[in-house]
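Please read the structure below before turning to the comments.
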Amino acid sequence: MTVAGKTIAVTGAARGLGQEFARHLAAAGANIVVGDVNDCTATTDLVAETGGKAVAVRLDVTHAASAQAMVEAGIAAFGRLDGLVNNAALYGALHGGRFDAIDEAEWDACMAVNVKGIWNCCKAAVPAMRQQGGGSIVNIASLAATFGMPFGLHYTASKAAVIGLTRGLARELGRDGIRVNALAPSAVLTEGTNEFFGDKLDRALAAVKAGQTIQRNLAPSDLTGTVAWLLSDESAFVTGQTIAVDGGTVML
C-alpha cells in the first residue's frame, strides 16, 4: 500500500484528525495540501519533521471560491491532485441537546460546513482528477449517522447526508476513474470531541466504549491506515462504501 508521490488535499487540517491525516500521509511519501479556516502552521511543521512536503491555504469550505483556491494551490505546488480527504466539519463548537431546542442558525451552519462544504470541495477537485484520469475522495462521516446519535441531531443528520453524498458521487464519478468512499468513526480522542461533550466527556467516552467489541476508545492513529488504503491504488476497486472504524459498534 502506497501513497508515495501522490498529491492529497486534507481539509480541516489545523488540528485533530485532519492534522494526523496530513502528518501520516506525508510520512508515507505524499505531497500534502492542508486547508482550514484556522492557521495550519503547526501541521506544516509536523509534515516538515517527517521530511514531507506541504502547502497550506486558508480554507472556508462553505465558499466554492475558497475550495477552488485550495485545489489551484495544490496544482501550482505539485502539478496534480490525486486525493481529497473531506475532513472539515463543525463538531466541537456545536451545542448538544434535544432536537427541538437546537438553534436554527447553528443547524444551518452545521449543514453548510458538513454537507455543502464537501460538495464545494468535490466540485473543485473533480475536474483536476478527471483530467488526469482518476483519483480518490475520502469523506469523513461518523458513528453518529450509522448508529443514530441522539441529542445532536444537526450533527447526526449532517453525517448521514455525507454517506448519501458519498454513494451518489461514487455512482456519478466511477466512469471517470474517481472513487468516493466514507469513514464512519466512533468518538475520536481529539480536541473536537472534548469540546462537544464538555463536562460529560468521561461519561460519553465510557458509553461509547461499552458499546464496542474492542474495549478502548478510538485514537486518531486508528484511522490513518484506512484513509491511506482508500487513497492508494490498493483499493482501486472499492467505491461507494462507508467503512465503520468504530471498534465493532455498528457492523455494516
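Please treat every number below as a calculation from the coordinates, not as lab data. Keep in mind that what you see is a predicted model, and the values were worked out from it rather than measured. Glycine also receives a Cβ, built like all others from the backbone with ideal geometry; neighbour counts cover every protein chain displayed.
Tabulated results
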{"quantity": "Contour minus Cα-Cα distance for GLN215 and ALA48 (0.36 nm per residue)", "calculated": "56.7 nm"}
{"quantity": "Cβ-derived FRET efficiency at R0 35 Å, LEU252 paired with ALA101, nearest 0.05", "calculated": "0.70"}
{"quantity": "Kyte-Doolittle at least -0.5, axis length at least 20 Å by Cα - qualifying DSSP helices, the chain", "calculated": "64-78, 117-132, 153-173"}
{"quantity": "Förster radius 25 Å - calculated FRET efficiency between PHE237 and ARG80, Cβ distance, rounded to 0.05", "calculated": "0.70"}
{"quantity": "Point-to-point label distance, ASP108-ASP202, nm (Cα→Cβ direction, 7 Å offset)", "calculated": "4.0"}
{"quantity": "The range 142-233: C-alpha pair distances exceeding 23 Å, %", "calculated": "33"}
{"quantity": "Relative exposure of ARG216, ARG23, ARG130, judged by other C-beta atoms within 10 Å (fewest first)", "calculated": "ARG216, ARG130, ARG23"}
{"quantity": "Environment charge at VAL85 (Cβ cut-off 14 Å; Lys +1, Arg +1, Asp -1, Glu -1)", "calculated": "0"}
{"quantity": "For the chain, the Rg and Dmax computed from alpha carbons only, in angstrom", "calculated": "17.0, 49"}
{"quantity": "Within the range 19-49, backbone nitrogen closer than 16 Å to the virtual label 7 Å beyond the Cα of GLU191 toward Cβ", "calculated": "19-23, 35-47"}
{"quantity": "Computed magnitude of the charge dipole of the range 7-245 (debye, nearest 20; Cβ of K, R +1, Cβ of D, E -1)", "calculated": "600"}
{"quantity": "Residue-averaged [θ]222 nm for the chain, counting only DSSP H segments that reach four residues, each worth -39500 (n - 2.57)", "calculated": "-13500 deg cm²/dmol"}
{"quantity": "GNM top mover of GLY133, GLY29, GLY16 - the chain, alpha-carbon springs below 10 Å", "calculated": "GLY133"}
{"quantity": "Environment charge at VAL113 (Cβ cut-off 13 Å; Lys +1, Arg +1, Asp -1, Glu -1)", "calculated": "-2"}
{"quantity": "Rg/Rh (Cα only; Kirkwood hydrodynamic radius) as it applies to the range 1-76", "calculated": "0.95"}
